[in-house]
Amino acid sequence: MAVQRLDRREAPSTSAVRPSRGDGGGYRYRGRQKPDTAAVQAERIRRLLRQERQRISFNASSVRALSVRLNQQIAQALCDGMKATLLAGAAELSRWTVRTIGLSSEDLFPSGVPAEQHLAVIGELKSELAELAKSKAVLEGRRVKLLAAARQLGVLDDYELAALSGLQHETIRKMTCPKVLERSNCLDRSN
């Protein structure tokens with residue numbers, strides 16, 4: 001019986017059989033293939049467009065929040081007895097808009113805050129809104145350049161670009177027209 005055990009150990013198992021050299025070679029590369037450059041570019045553009053859309057959305061929500069704060073401040077200033085013309089000048093709004101803001105806020109009570117403080121807060125809010133408007137223009141400019149590059153490369157179609165950017169495909173076509181881009185580049189150079 002001892003001999004039989006040795007024979008079993010020496011016999012090759014079927015799972016450890018090596019392929020013969022007659023099948024075309026001994027070494028076979030089993031690594032990954034290099035990714036297609038068009039697929040890599042498409043994925044990069046998708047990621048960048050998602051990020052730009054998120055930044056533009058964040059900018060828009062910040063503008064809405066600041067606009068609400070500005071309207072509340074204007075309404076409180078009107079409730080405290082400030083003139084609509086003075087507030088309209090400070091907020092760079094029409095008197096009609098200032099009056100409408102004041103009439104839409106019925107549940108306010110006089111706070112006793114001096115007019116100078118109201119004007120200072122309104123000025124700060126207006127400057128913050130102006131900064132957000134500038135950053136929105138920059139974000140939208142980057143989005144247009146990204147969309148134009150994507151259309152030029154041809155890795156994504158207009159409908160996918162529309163889904164990723166939040167714009168309609170016809171708008172994308174108009175925005176990325178070479179003549180429009182040429183004009184916007186001229187404007188960028190003049191600034």
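Return yes or no: is residue 93 in a loop (DSSP other than H, G, I, E, B), touching a Lys or Arg at 6+ places or on another chain (Cβ under 8 Å) and over 20 Å from residue 56 (Cα atoms)? Walk me through it before giving the result.
Working: in a loop (DSSP other than H, G, I, E, B): yes; touching a Lys or Arg at 6+ places or on another chain (Cβ under 8 Å): no; over 20 Å from residue 56 (Cα atoms): yes.
Spelling it out, it is not the case that residue 93 is in a loop (DSSP other than H, G, I, E, B), touching a Lys or Arg at 6+ places or on another chain (Cβ under 8 Å) and over 20 Å from residue 56 (Cα atoms).
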Report task. Could you list all residues from segment 31-60 that are among the β-branched types (Val, Ile, Thr) and open to solvent by 50 Å² or more (accessible area, probe 1.4 Å)? Result -> 37, 40
Query - Residue satisfying condition, being open to solvent by less than 90 Å² (accessible area, probe 1.4 Å), closer than 30 Å to residue 168 by Cβ and outside any loop (DSSP other than H, G, I, E, B), within set 98, 121, 63 - result: 63
Query - Set 91, 42, 38, 137: member being among the small types (Gly, Ala, Ser) and over 30 Å from residue 169 (Cα atoms) - result: 91
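Quick one: which of 116, 92 is open to solvent by 40 Å² or more (accessible area, probe 1.4 Å), within 35 Å of the chain's Cα centre (by Cα) and among the acidic types (Asp, Glu)?
Just one listed residue meets the conditions, 92.
Restricting attention to segment 80-88, does a residue exist that is surrounded by 14 or more Cβ atoms within 10 Å (Cβ to Cβ) and either closer than 30 Å to residue 44 by Cβ or among the polar types (S, T, N, Q) (or both)?
No, segment 80-88 has no match at all.
The values are calculated or read from the model by the stated rules, or taken from the named source; none is laboratory data. Being a predicted model, the structure only gives us computed values, none of them experimental. FYI the Cβ positions are ideal-geometry reconstructions off the backbone, even for glycines, and counts take in every protein chain you see. Accessible surface areas use protein heavy atoms only, side chains included; no ligands, DNA or RNA. Shrake-Rupley method; radii C 1.70, N 1.55, O 1.52, S 1.80 Å.
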